[in-house]
Each structure stands twice: as C-alpha cells, then as structure tokens.
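Asks: Handing you a structure now.
Values in this text are rule-based calculations from the coordinates and carry no lab data. Because the structure is a prediction, the values reported are computed rather than measured. As a convention, Cβ positions derive from the backbone with ideal geometry for all residues, glycine included, and neighbour counts pool all protein chains shown.
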Amino acid sequence: MEIIGSESKRGFCIFINTIFQGAIPVERYGDTGFPFVYPTQEAAEREIAEDVINRLTEFLEGEREFDDAISPEEYVVEVSVFPDGSVEDEAGYRFGNEQWYEGG
C-alpha cells in the first residue's frame, strides 16, 4: 500500500479481542512492531480462512479439540494507515510500534 505525505490510506488488519487491551491487531511486521496491513478485505479474510483450514486439519489429525478448531476469534477491521506505519481503527484507536508509543 502506497502512502504519500501525511495522508492516510485505507487498509485491512486482522484483529482479535483481548481481555486487558480490548480489540488489537493480531499480526505485526517482523521487528518493526507495526501492524500488518492487507490491501483488501478479501486478502485478510483469506488469511483467516487459511488459518481455520489449518486448525481443522489439526483437529482431523487429532492434534486439536473441535471447538478450538472451528471457532476463529479473528476478524477483519478496516483501518487508516499512516505514513509512520501506524493504523487507526473505526473507533479511533491507533496502533503502531507499541515500544515507540510508550510514555507518550
């Protein structure tokens, strides 16, 4: 996804709900710590589908319980992507390199 100047661009992240932090992006770009952004909703949905297929395969091979295999917790959220690599969800929560954001 190309970002020019200070403008934000649209992208999609896979989120999960956590007990302490609420909804957060699941995937990060390697060592950068920034959320992984998919260019389309379908690309993000396909990633979730592939993960579900892997979990179902593990169930069929006896490596995982059925409820764990069939219940994906991940979902796709449209985000604004900023030049610094951070993203903002529709509720206005911004996620970036959490180390960089610590302390203000």
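Asks: Only Lys, Arg, Asp and Glu count, each charged at its Cβ (+1, +1, -1, -1), so figure out the dipole size of segment 9-95 about its Cα centre, rounded to 20 debye.
Replies: I would put it at about 420 debye.
Asks: Let me ask you something else. Tell me the net charge near GLU74. Cut-off is 9 Å between Cβ atoms, GLU74 excluded, with +1 for each Lys or Arg and -1 for each Asp or Glu.
Replies: Net local charge, GLU74 excluded: -3.
Asks: If the chain between GLU90 and ARG28 were fully stretched, how many nm would it gain, using 0.36 nm times the residue separation less the Cα-Cα distance?
Replies: So the extension gain works out to 20.4 nm.
Asks: Specify which residue in the list ILE19, THR57, GLY96 is farthest towards the positive end of the charge dipole of the chain, using unit charges on the beta carbon of Lys, Arg (+1) and Asp, Glu (-1), about the Cα centre.
Replies: GLY96
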